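Q: The structure's right below; bear with me while I get my questions together.
The values are calculated or read from the model by the stated rules, or taken from the named source; none is laboratory data. Note that the structure is predicted; figures quoted are calculated from it, not measured. Because the Cβ atoms are built from the backbone with ideal geometry, glycine has one as well, and the counts that use them run over all protein chains shown. Areas reflect the complete protein model, heavy atoms only, side chains present, ligands, DNA and RNA absent. Shrake-Rupley method; radii C 1.70, N 1.55, O 1.52, S 1.80 Å.
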Amino acid sequence: MKNLGNMLKQAQQMQSRMQELQGELELVEVEGQSGGGAVRIVLSAKGVMRGVTLDPSLLVASEKDMLEDLIVTAHEDARKKGEAVMQER
């Protein structure tokens, strides 16, 4: 019975630590880039988008498709970095 009590205590400690980590991940920001930094996206480590920065030279109607692709690529870069942070913690 003593072992069961210890196991329950350890499980509660782990649960508490996981909640702390989840809170920390809300505050950690990662930045993804594409186009040599022309497009930058900032996400929380949990994947919430916090910002987008576009180089003004990309704001040309004829470059719309390229800009869309760069945004998707920058988002994917940031998402992967966020996942790496989550794995580290």
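Q: For the stretch 25-47, check the following and say yes or no: at least one residue is surrounded by 13 or more Cβ atoms within 10 Å (Cβ to Cβ), in a helix (DSSP H, G or I) and under 15 Å from the mean Cα position of the chain (by Cα). Before the answer, list the steps.
A: Step one: list which residues in the stretch 25-47 are surrounded by 13 or more Cβ atoms within 10 Å (Cβ to Cβ), which gives 25, 28-35, 38-47.
Next, from what is left, pick out any that are in a helix (DSSP H, G or I): 25, 35.
Adding the requirement that they be under 15 Å from the mean Cα position of the chain (by Cα) leaves 25.
The answer is yes, given that some residue of the stretch 25-47 is surrounded by 13 or more Cβ atoms within 10 Å (Cβ to Cβ), in a helix (DSSP H, G or I) and under 15 Å from the mean Cα position of the chain (by Cα).
Q: Additional query: Please work out which one of (1) free of Cβ contacts under 8 Å to residues at least 40 places away in the same chain; (2) touching a helix residue (DSSP H, G or I) at 6+ places or on another chain (Cβ under 9 Å); (3) part of a helix (DSSP H, G or I) is the condition V52 fails and give its number.
A: (3)
Q: Right, something else. Considering only the stretch 2-20, I want to know if a residue exists there that is in contact with a Lys or Arg (Cβ under 7 Å, 6 or more places away or on another chain) and either open to solvent by 70 Å² or more (accessible area, probe 1.4 Å) or modelled with pLDDT under 95 (or both). Let's see the steps before the verdict.
A: Residues of the stretch 2-20 in contact with a Lys or Arg (Cβ under 7 Å, 6 or more places away or on another chain): none.
No, the stretch 2-20 has no match at all.
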